1. Two decimals is fine: what is log10 I(q)/I(0) at q = 0.18, 0.20, 0.31 Å⁻¹ for the range 396-449, from a Debye sum with one equal scatterer on every Cα and no solvent?
2. Mind listing the long-range amide H neighbours of SER601? Cut-off is under 5 Å, sequence gap 5 or more, other chains count too, H placed in the peptide plane at 1.01 Å from N.
3. Once you place label points 7 Å from the Cα toward the Cβ at ASP245 and GLU277, how far apart are they in nm?
4. Based on the Cβ-Cβ distance from GLN118 to ASP412, what FRET efficiency comes out when R0 is 25 Å, to the nearest 0.05?
5. Kindly state, to the nearest 0.05, the FRET efficiency for LYS229 paired with ARG291, given R0 = 30 Å and r defined as their beta-carbon distance.
6. Could you give me the percent of Cα pairs per 10 Å distance bin for the range 113-165, shortest bin first, beginning at zero and ending with the bin that holds the maximum distance?
7. Which number do you get for Rg(Cα) / (2.2 N^0.38 Å) in the range 280-415?
8. Taking H placed 1.01 Å from N in the peptide plane, check which residues at least 5 places from THR488 or on another chain put their amide H under 5 Å from its amide H.
Amino acid sequence: LKPPLKSSAHADRLLLAAGASHLPFWDTSGESYVSSIAGGLFVETNSMFRRHVTTDLSQVLEMEALKHSSESDQESDGSSDPHVFHHPLWGDPMRVDDQNALMVMILPLQIKDQDVQQPLEAAREIFGDRVMREDEVAFETLRHGPVSASFYQDTVRSELIHCLMVNGFRTEAFRSVDKDEVFLKIDLDRDGDVIKVLAQKFDYGMPLCEATYAQHSLQGHDEAHAVMKDDWDRPVPGYQPFVADLAKLYQPFREIDALRLTMLRMNELIKTKALEEQKVIVRLFPAAKYRTMRMLHDAFARYDLLLKIPTEADADLCREYFGEQIAFFFQWAGFYVRSLIPLSVFSLVYCVRFLEIFETSVWVQSGMRCMFTLGLSVWTQGFTKAFSRQASRSRQRWGMEDHDARGAITLDSHDPCLDRTWKLFRRRQLVNFTLIAYCSIFMASIAACENLLDRSTASMATVILIKVGGFLWGPIAGKLVELQNHRTKVSYDDGITGMLSVVKIFCALFPFLFQAFIVRFRDSVCADSLFEAAEIAYCGQGNCAWPGDVKEFGDGSWLHQPCWSWQQRHTDDVAESFIKFLTNRTRDVSNKTCISGCLPSSCVLKPDGVWICTSACWDTLKYNLKTLYLFHFVLSVIFLLIPRALASAAWHFELYTAKKRKALSEYTFLQWQAKHHEHAAYEYASWGGSHTEDFLEFAISFALLTCFGILYPPMAFFAFVCHMIEYRLLAHRMVNITCRPIPYGAEGIGMWERVIGLISNIATIINVGVIIVFVDPIRNWPLMDQVLAVIIGEHVLFALKFLVASVVNSTPDDVKTIRIFNNRFQVWLKSAEVVDVPPREIHHSRGVDILLHDSSSCSIESSDSEHSEDDAESRSCLSSPRKVSARVRVLM
């Protein structure tokens, strides 16, 4: 199709006024043009005239311009120009062009001039055998390769447009402001018949509308005339696979429903990965909606909301735009932040009791530490159970029950030939070996750091090793998961979640485990007596560095005096406590007395007259924990701000180019989104983050808090403040930076529920171990007694957690009641359907005698063929015939 130049320029002006630049599609010579196929128009090239177009170009373009104008008026935000908006962050004007766009495909205008050696096979990788069989004529010119890259691109792009057209999709195209790319908008009519056919084809679950409940009644339920509500007074309609003939029973299709069905159909028609590998397209992404983005920004993504506690309504907002997978993440993160409030109050009260104004004895402090450990374990179990109840309500209300089985998306990267083969088995063994080897290398690095560096330097180096070790594992984990040949996206997400969480959480916890439980058995100092070993340990450098109040004892000569002489001075009790501390850390090796592990670092006099010494390991653990938590929060904030800087720089550069060319009016909202998708896409190993990586940051923080919160209880309050800020920064990034990821559905938080449960169980054991090792007087028990205490303590805590889990049901009663009601209502709807019975299958009942009167005088056979229709005697024995209707109501 070659319209006159005047018509093309006129079309450009029309569509430019409507918010889109309508320019040549990909051929810079002006030999190929694209237009909307909504009016019967589509792409043609000068080499392939295999379809005919009868629609007048100018009429279609004028209709499109009017349509765009009316839609843009509805989408405007109150500015003087209804087609222009000012971005809430940067304030620069852009033209709104998100109308009629569910998906956006970007195609390059500049390609390398080289030949494609096997064009037919390359096209088959994109379209598959079925599409190529249905349209053999389109690929006839590719059978005799090689062909030029431009000719191949023309053929593939033409077939791409045709494939979308015949499947009911509406497309529009325009060039970028710098004329190097073309944007193809793909849309699906939500009120048309195609979306109904697709919903039925994919068994897409749709909620029943209120009118369905109002027009039908279910016996035994007075409330059957309305949708049932949960305990929070929220309506919970029933979901069932869509049936086109019963479309009036369902609620209208949402924008996100149309987007998902578009993605499912396009995954059947074309292979997006092959299109990107062959440079036919640059990228494909869901179109962001400006008005929805502004609403989300004002609701929960503004900077002035940083210190606002998240609400449950945030998850519902996310679900309508980002999909259930991200909505469940924000629901968990918001619930975690809110759950930290009671733990923060409990920890602050606990810390207040340790102030000097409260005279607490050693036994009281030890009991308080045990009570805090007990409270932390109960809080952990209560948090996981309470969220499970909340997630079950959301799962039912959002129609996500059994979603992972019904809506499994097959990955393009899956190779069926590898399934159940020795090659795949060896790959998975390689993955396991790599995971173990990496963890071993990390453990060796931590041990070397502790051996070679002094205490202060080793603490900072440990924190850096934790972050670097986790960062380096990220790209390695991505490659290893690809080797596992996952079939579905759910399987891939579970694989990458398990691979990342195991190593990164191990990297975060192992340095603390090493300092708490391993250091006490290493770094031995041996001498002929305990006193000489203490002198070597504290006075090895010439200057004696005694802990706390012991420093006034000078050069340590008091260690050689008999114990009775220490009682002659008021400060001698601290020496006695100090020696008692050391005695429990000595062992005899080759007639030598050796001091090993964590030596006393400070001693404090308690109100009951007992001196308590704190070990160096306890101080190091507290310092490392506070440093790592602060470091973790700062890095999280930095990584959330980096994608904004990258996308902003690229966007402003393109905007500067547009101003320089005096083409600012051509810069549109979709072009702004494309730059953000290029530099900050929401996918794994991207600056824009991903579902797995975002969840992992919260999981690491949760692990540190639950496993070692006893070391520094105020950390719960700092965690509450930090995660409240991090939550808003994540919301800001999702709305304004990454714009809109693919809206996947999900049954819940998936694999992360198992990870959080595993962390909770590990934390129980670690907390008991910390109490036994560091809390006086238990720390002075013999080693075997301590081991026995750990076993008894963790069994007690596990029994308490089991009791909490038994009392609190993961599935609330209202969820069970609504599930039963909705299932019965759906079954009743099916039973009430009218079934058309063909006349040939309506069998007469003449000769079937089931009456109460005596029919012995009647000689009626089962076969009607042996009796004449005018037999009066036979007719008198039968009841009067009834008229059989061709439409009967039957129970399904």
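The values are calculated or read from the model by the stated rules, or taken from the named source; none is laboratory data. Nothing here was measured: the structure is a model prediction, and the numbers come from that model. Note that we place each Cβ from the backbone using ideal geometry, even for glycine, and neighbour counts take in every protein chain shown. Please note that ligands, DNA and RNA were not included when accessible areas were found on the heavy atoms of the full protein model with its side chains. Shrake-Rupley method; radii C 1.70, N 1.55, O 1.52, S 1.80 Å.
1. Rounded to two decimals, the profile gives -0.79, -0.82, -1.09.
2. THR614, SER615, ALA616
3. 4.3 nm
4. 0.80
5. Computed FRET efficiency for LYS229 and ARG291 comes out at 0.55.
6. Percent of pairs per bin, in order: 26, 61, 13.
7. Working: Rg = 22.0 Å, N = 136, 2.2 N^0.38 = 14.2 Å.
With N residues counted in the range 280-415, Rg over 2.2 N^0.38 Å equals 1.54.
8. Residues meeting the criterion, in which the H sits 1.01 Å from N, are LEU411.
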